[in-house]
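The values are calculated or read from the model by the stated rules, or taken from the named source; none is laboratory data. Computed from a prediction, not measured in an experiment: that's the story for all the values here. Cβ placement follows ideal geometry from the backbone for every residue including glycine, while neighbour counts extend to all protein chains displayed. SASA here: full protein model, heavy atoms, side chains in, ligands and nucleic acids out. Shrake-Rupley method; radii C 1.70, N 1.55, O 1.52, S 1.80 Å.
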Amino acid sequence: MPSWGWGQPYLPCCAATARQNSLTRSLSDHPVGKDPQAMRTGQRQNKGMRTRLGCLSHKSDSCSDFTAILPDKPNRALKRLSTEEATRWADSFDVLLSHKYGVAAFRAFLKTEFSEENLEFWLACEEFKKTRSTAKLVSKAHRIFEEFVDVQAPREVNIDFQTREATRKNMQEPSLTCFDQAQGKVHSLMEKDSYPRFLRSKMYLDLLSQSQRRLS
């Protein structure tokens, strides 16, 4: 086949045009510097996030969110929950944490704020303190640290650098008190930040309203 200078084969006019059109379509379908597979993955992830946010916008901060994760069946649990009990949750943060339905309601609220890891860490620490086996204590301590405390942990809690490093040092010889400092920081954060917002939330106010209607 004859060729032009520069070593390129000569193509008839129509064939050259078809080749150019094909190249143009290819470039438009696959932008320069972007991997098609990565683009498809990103699109799926964005769609999933939009779906998640859409669900939250329709359901979040409502009493129905709370009943969906109650320890017992929703209707039975709401019947057991008295107005007095629900009202006492406002007495103090520790009173809320001492009541299983209070914990369930607070967890549901934190999910709407994408910060449930703080409560989960606090609860994990409380459960950890009940450990009696030395062998289990070590493994549990490292699990909690890797899950919540370590940098870029899957459910990393919001604590300062000094507390994080002090807790890391405690992992050399784990004890029942190795998370006390970090747990205290997280408790204080929830008490000063999330807890007041929970008491003002539609979820909590709806719950009080429903319990009061049962009495009337």
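For the reader, a short list of remarks on this structure follows.
- If only the Cβ of Lys and Arg carry +1 and only the Cβ of Asp and Glu carry -1, the dipole of segment 143-195 around its Cα centre is close to 20 debye.
- Computed from point charges on the beta carbon alone (+1 for Lys and Arg, -1 for Asp and Glu), the dipole magnitude for segment 79-125 about its Cα centre is near 280 Debye.
- Relative contact order, whole percent, for segment 123-216 stands at 22, derived from Cα pairs under 8 Å and 6 or more residues apart.
- Listed cross-link partners Lys111/Lys169; Lys140/Lys169; Lys140/Lys192; Lys100/Lys169; Lys136/Lys185 are compared with a 23 Å cut-off, the Cα-Cα value being larger for Lys111/Lys169; Lys140/Lys192; Lys100/Lys169; Lys136/Lys185.
- Unit charges on C-beta of K, R, D, E only; dipole of segment 120-216, Debye: 420 debye
- Over segment 97-211, accessible surface divided per residue gives 51 Å², non-protein components excluded, 1.4 Å probe.
- Under 19 Å from a label point set 7 Å out along the Cα-to-Cβ vector of Ser133, the amide N atoms of segment 166-186 belong to 174-177.
- Protection proxy ranking of 155-166, 99-110, 124-135, 140-151 - average other beta-carbon atoms within 10 Å, highest first: 99-110, 140-151, 155-166, 124-135
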